[in-house]
1. Does any residue of the range 60-82 turn out to be basic (Lys, Arg), closer than 29 Å to Ile172 by Cβ, in the same structural domain as Glu178 (by TED's automatic domain parsing) and not in a loop (DSSP other than H, G, I, E, B)?
2. Can you confirm whether Ala103 is under 23 Å from Arg22 (Cβ atoms) and either in contact with a Pro (Cβ under 6 Å, 6 or more places away or on another chain) or without any contact (Cβ under 8 Å) to a residue 40 or more places away in the chain (or both)?
3. Taking only the range 266-282 into account, find how many residues are of a type in the set (Val, Ile, Thr) and either modelled with pLDDT of 90 or more or surrounded by 18 or more Cβ atoms within 10 Å (Cβ to Cβ) (or both).
4. If you take the residues of the range 102-129 that are modelled with pLDDT of 85 or more and either of a type in the set (Val, Ile, Thr) or part of a helix (DSSP H, G or I) (or both), which of them is surrounded by the most Cβ atoms within 10 Å (Cβ to Cβ)?
5. Output the residues belonging to the range 21-59 that are assigned to a loop (DSSP other than H, G, I, E, B) and surrounded by 16 or more Cβ atoms within 10 Å (Cβ to Cβ).
6. Name the pairs whose Cβ atoms lie under 8 Å apart, with the first residue in the range 158-170 and assigned by TED's automatic domain parsing to the domain that holds Ala134, the second surrounded by fewer than 24 Cβ atoms within 10 Å (Cβ to Cβ) and of a type in the set (S, T, N, Q), and 6 or more positions between them or separate chains?
7. Could you list, in sequence order, all residues of the range 3-19 that are loosely packed, with under 15 Cβ neighbours inside 10 Å and assigned to a helix (DSSP H, G or I)?
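The values are calculated or read from the model by the stated rules, or taken from the named source; none is laboratory data. Not measured: the values here are computed from a predicted model. All Cβ positions, glycine included, derive from the backbone under ideal geometry; neighbour counts span all protein chains shown.
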Amino acid sequence: MTFSSNVREEVAHLPIERACCRSTFLAAALRGAGSLHLTGGGHMHGEVDVGSHAVGRRLLVTLREEGATCGVRAYTPERLGASQRVLLVLAEDAASSAALQRAGVIDAAGRPRPFVDDSLLQRSCCRVIALRGAFAVGGSVSPPGRSPSLEMRTHDIAFANVLAKCAASMEIPLRVRERPRWSEVMTRQRGAVQDLLTVIGAEAAALDVAEDDVVRSARADANRRANFDTANLSRQVLAARTQLQAIGILGEAGLLGGLPVALRTTAQLRLDNPELTLAELAIAGNVARPTLAARLRRLIAEAEALG
């Protein structure tokens, strides 16, 4: 199973206790994976097609709690590598129509409603359930270790905007995008992905994302420290090599003996300890570090003066 499938499985097992939340969950599921079908005699029934057995069971329980009559069928699409899906078909009876009406999918006359009823989202609990239902039927999230990305697909741009407003009320920024065949709300911010998973009840997945963030931060900090140490060591090696070359040039020119005692002592100290850093060399020679650095620069300047 993919990471997204695990998240859908996790949220599908969460109970929905309030009647308003059941209607909101159905609204989100029907707007994300549902369809309305006209039959003979002007009758109409609803269908919901989901890719998870756990989500299918949650929808079946919710529909029956709402009084709807629903049939279930599992099938495997013909496309290569497709996994088994679950199709829920609502009956053409008054109770099922009433459930669809409470979910804001059809009006009192049985006609499809293009916009979701705002009254379904007045309560904070319903806003959470709307996001949970939308992810359960049409959500995907990148697994830990990859670039953060979370998407929830819906049939229309209107409900995508509603989902974005629900998330914004919880200070979770989501971006709305309209595609030729669907609309979606999405984010690529690691903090927003973690917060949204926590809000919809996918706490195990949120912990996985948080753990990955901690590991990434620790790895990045370790890399920064290693790069700093490597660069610092390279500078020290280059400085020591330059000093030794300058001393060698002065020695070949026979000028070391004519230098002041302090410079001759410094030159000999560096020749005797080519591997030491400036700080270690200052300790070995019992000389202040700034004084030793100035003397070494003087030796380099004397060598450069030779052209």
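1. no
2. Here the answer is no, as Ala103 does not meet what is asked.
3. 1
4. So, considering only residues that are modelled with pLDDT of 85 or more and either of a type in the set (Val, Ile, Thr) or part of a helix (DSSP H, G or I) (or both), the one surrounded by the most Cβ atoms within 10 Å (Cβ to Cβ) is Ile129.
5. Gly51, Ser52
6. Close Cβ pairs satisfying both conditions: Phe159/Ser183; Ala160/Ser183; Ser169/Ser124.
7. Ala19
Each row is one residue, and each column tells you yes or no for (1) at pLDDT below 85; (2) within 24 Å of Ala33 (Cα to Cα).
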{"residue": "Cys166", "(1), (2)": "no, yes"}
{"residue": "Ile172", "(1), (2)": "no, yes"}
{"residue": "Glu178", "(1), (2)": "no, yes"}
{"residue": "Gln189", "(1), (2)": "no, no"}
{"residue": "Leu207", "(1), (2)": "no, no"}
{"residue": "Asp213", "(1), (2)": "yes, no"}
